[in-house]
Amino acid sequence: MRFVLSAVPALAAMWILPATAAEPPSGDLGKLSYAIEWRLIHAGDAVLEAHDSEARLKLDSAGLVSALFKVDNTYTVHYGPSFCATGSVLDAKEGKRHHQSTVTYDRNQNRAMWVERDIVKNEVLRTAQVETPHCVHDALGGLLALRGSTLEPGQSTLAPMSDGRRAAQVKVEAQEREEVTTPAGTFKTIRYEANLMNGVVYQRKGRVFVWVSDDAKRIPVQIRLRLAFPIGTVTLQLQKEESK
């Protein structure tokens, strides 16, 4: 069960999409709440709060999944103009484990440095670093940039992405216009796919889709991970939008 929700804060794996607009959109999304579904059960809840220089994602397990394996993860990122990442922290409490992963994006040295610590044992577990472009997106900054995208279905682009351990130019495709119904309502959307798994940035095999409302708000209303066995499909659907 833990892998169902630990795959989601690869919300770095889910929200890594670029903008092609002339000017980047505002990063202030207010507060968005999502329900996480896995194999037709309510597996957890995710809350995204995004502002002009910082974003925060809170992820909690629920129901049967929580009873079997409690997950309480918080991901915070800071970024500069055009949503270029400057630093992030993932505080992950999963079962009895409490790890903290920190990424520092050094734009002067064009390098990202990743450190994972065991908070319970107070020790460093792993470190890594990777060369990056001067401006690189993390997951949430990439999502915010996507809101300004002018990609039409059938078009694609490349975006520089990094999780602090790996970096790559990730292909992003605008695929179809679709009507999507979530607990928050019915939305006209554009479906995007980010090809960042399968060893590109993330080693896990799978596909990442994001449905963004096709209107002035450009809200991510649905996110879907199609992962290999034994996880399968994990879907986040917008439950509630609270204005900034």
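At a glance:
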quantity	calculated
Two-site FRET efficiency, THR76 against THR186, from Cβ-Cβ distance with R₀ of 45 Å, rounded to 0.05	0.90
Solvent-accessible area per residue for the chain (1.4 angstrom probe, square angstrom)	45
Reference-scaled alpha-carbon Rg (2.2 N^0.38 Å with N residues) for the chain	0.95
Bridge type composition, the chain - antiparallel percent by DSSP, nearest 5	100
Solvent-accessible area, 1.4 Å probe, carbon plus sulfur percent, for the chain	49
Count, lysine Cα pairs under 21 Å in the chain, 8 or more residues apart or across chains	20
Cα-based Kirkwood hydrodynamic radius, the range 136-244, one decimal, Å	14.6
Helical mean residue ellipticity (222 nm; -39500 (n - 2.57) per DSSP H run of 4+; nearest 500) of the chain	-2000 deg cm²/dmol
Whether the range 26-124 is rounded, prolate or oblate, judged on the alpha carbon gyration tensor where a/c under 1.5 counts as rounded	oblate
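The values are calculated or read from the model by the stated rules, or taken from the named source; none is laboratory data. Keep in mind the model is a prediction, meaning the values are calculated, not measured. Cβ coordinates were reconstructed from backbone atoms using ideal geometry, including for glycine residues, and neighbour counts include every protein chain displayed. Heavy atoms of the whole protein, side chains included, go into the accessibility calculation; ligands, DNA and RNA do not. Shrake-Rupley method; radii C 1.70, N 1.55, O 1.52, S 1.80 Å.
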